[in-house]
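Here the structure is laid out as structure tokens; the discussion comes afterwards.
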Amino acid sequence: MQAKIALLPGDGIGPEVIAEARKVLEAVASVKGHTFTFIEGLVGGIAIDKVGTALPEDTLALCRAADAVLFGAIGGPKWDDPTAKVRPEQGLLGLRKGLGLFANLRPVRPSPALKGASPIRPEVLAGTDLLVVRELTGGIYFGERGRLNGGSVAFDTMTYSVVEVERILRVAFELARKRRKKVTSVDKANVLECSRLWRETANRVAQEYPDVDFENLLVDACAMHLIRRPASFDVIVTGNMFGDILTDEASMLTGSLGMLPSASLAEGTFGLYEPIHGSAPDIAGKGIANPIGAVLSGAMLLRYSLGLEEEAQAIEAAVDQVLEEGYRTQDIAQEGTQVVGTAEMGDLIAERLTQG
Ligand code: IPM
Ligand code: MG
């Protein structure tokens, strides 16, 4: 097949990990006879430096003309002034809103090869394989905000509509049907009106899926149970800010932020894919960042936007194989493993693919 993939490397280690993800996608394309065309755009701090805005119009247009977007990371100390009018995060938030990426999928499955990397005890972790589905274009992230009283009071508003809740719940239920058929909807319905609407709507949508187990859970309890009984979750669905917080927590179940991919999907097959780690300015430019989160994001791109399930699994298997063989980037190094750099890790994964 032919596909057009927009690459937005961004800041910090973004360009380094995206180069490896591209290498791996090219390897898979050559083995399976696909043609992927890559087009690069500016986003984040580098875009602020070059053209004065975190999300140039050109970048949005380039994404709209592509079948999918692969995104690196944004931000860094250079652009960290919280009072600045232009901030790198506006690039990411603008892409989410501008491209209608309402469904954020963050799978968390501790890699068998990385046993012992998590701060959670192995017997608690055993069997953990969960997927957080986070609503991404609504809620408090996009509500009205401002200052009152000459600046001494600030407010942010959380809004959710039935339509927004229904569509994200349906994504969660459809995905659960292909997994272990369990959905946990997370809210704060004991306090927030938005959450009461969320829960009513979730209960109603759940009736359309009688084959899927369904439960509601308050977000504070969910935060606790994620640590206490992570293996009991299958699909967790929640709003924008709760999802932001719970996915950072859940990522620690694997013990390695550098390994985790994510997908942000629009209606249809279009999506943006990114590792969940940030721009890691402290290690940028050193060639030591872990590219696996970006590489696995590439696999999700093949799965969800291009419908290439077999190719996606081939990448995932190649990653597992390289880890089984004992290769590690420094962030996941353990005793007796062989530490390699970013490009070497990309080469190893690409080689395992081309060797079949
Ligand atoms: C994430 C990040 C973003 C978010 C930031 C960079 C705006 O934390 O993707 O989880 O809060 O959504
Ligand atoms: Mg976050």
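Every number here is computed from the coordinates shown, using simple stated rules; none is lab data. Computed from a predicted model, the values in this text were never measured in an experiment. Note that each Cβ is placed from the backbone with ideal geometry, even for glycine, and that neighbours are counted across all protein chains shown.
Each peptide in 214-225, 311-322 gets a packing score, the mean of other Cβ atoms within 10 Å over its residues, and the list from highest to lowest is 311-322, 214-225.
In segment 14-167, the C-alpha radius of gyration followed by the widest Cα-Cα span (Dmax) gives 19.6, 63 angstrom. Label sites at Ile227 and Arg170, each approximated as a point 7 angstrom past Cα along Cα to Cβ, lie 3.8 nm apart.
Taking the chain on its own, what percent of its Cα-Cα pair distances exceed 27 Å? Let's see the in-between values first.
On the way: 29791 of 63190 pairs.
Value for the chain (Cα pairs over 27 Å): 47 percent.
Put the Cα centre of segment 259-327 next to the Cα centre of segment 150-172 and the gap is 29 Å. Given a Förster radius of 51 Å and the C-beta distance between Glu40 and Val163 as r, what FRET efficiency does 1/(1 + (r/R0)^6) yield to the nearest 0.05? Given R0 = 51 Å and the Cβ-Cβ separation, E is 0.90.
Spin-label model, Asp49/Leu93: points 7 Å from Cα along the beta carbon direction are separated by 2.3 nm.
Residues whose amide H lies under 5 Å from that of Val108, counting only those 5 or more places away or on a different chain, are Leu130, Leu131, Val132; hydrogens are built 1.01 Å from N in the peptide plane. Farthest toward the positive end of the dipole of segment 119-253, out of Ala176, Leu253, Gly127, is the Cα of Gly127, where the dipole comes from beta carbon charges about the Cα centre.
Sorted by mean Cβ packing within 10 Å, highest first, what order do the peptides 137-143, 101-107 take? Intermediate results must be reported in sequence, preceding the final value.
On the way: 137-143: 19.3, 101-107: 22.6.
Ranked from most to least packed, the peptides come out as 101-107, 137-143.
If only the Cβ of Lys and Arg carry +1 and only the Cβ of Asp and Glu carry -1, the dipole of the chain around its Cα centre is close to 560 debye.
For the charge dipole of the chain, defined by +1 on Lys and Arg C-beta atoms and -1 on Asp and Glu C-beta atoms about the Cα centroid, which residue among Tyr327, Ala29, Phe71 has the Cα displaced farthest towards the positive pole? Going by the charge dipole, the pick is Phe71.
Rounded, prolate or oblate for segment 119-253? Axes are the square roots of the Cα gyration tensor eigenvalues, ordered a ≥ b ≥ c, and the cut-off for rounded is a/c under 1.5. Verdict is oblate for segment 119-253.
Applying the Karplus relation 6.51 cos²θ - 1.76 cosθ + 1.60 with θ = phi - 60° to segment 126-140 yields 3J(HN,Hα) values of 3, x, 5, 7, 10, 10, 8, 10, 9, 5, 10, 10, x, x, 5 Hz, where x marks Gly and Pro.
Near Glu200, within a Cβ-to-Cβ distance under 13 Å, what is the net charge of the other residues, with Lys and Arg +1 and Asp and Glu -1? Mind showing how you got there, number by number?
Numbers: positive: Arg196, Arg199, Arg204; negative: Glu166, Asp187, Glu193.
Residues close to Glu200 contribute a combined charge of 0.
At 222 nm, what helix-only mean residue ellipticity would the chain give, in deg cm²/dmol to the nearest 500, using -39500 (n - 2.57) for each DSSP H run of four or more?
Details: 12 runs with 142 residues, N = 356.
Result for the chain: -12500 deg cm²/dmol, rounded to the nearest 500.
Using a cutoff of 8 angstrom between alpha carbon atoms and counting only pairs six or more residues apart, the relative contact order for segment 215-286 works out to 20 percent.
For the chain, the relative contact order comes to 23 percent (Cα pairs under 8 Å, sequence separation of at least 6).
Membrane-span-like helices in the chain: DSSP H runs reaching 15 Å or more (Cα, own axis), mean Kyte hydropathy at least 0.5? Write down the numbers at each step before the final one.
Details: long enough: 14-32 (27 Å, 0.35); 162-177 (22 Å, 0.71); 193-206 (20 Å, -0.88); 240-251 (16 Å, -0.09); 292-304 (18 Å, 1.40); 309-324 (22 Å, -0.26); 342-354 (18 Å, 0.06).
What comes out of the filter, once short or polar helices are dropped, is 162-177, 292-304.
Note on segment 207-356: semi-axes of the ellipsoid equivalent to its C-alpha gyration tensor, largest first and rounded to whole Å, are 29, 20, 15. What number results when the radius of gyration of segment 254-300, computed over Cα atoms, is divided by 2.2 N^0.38 Å? For segment 254-300, the normalised Cα radius of gyration comes out at 1.27.
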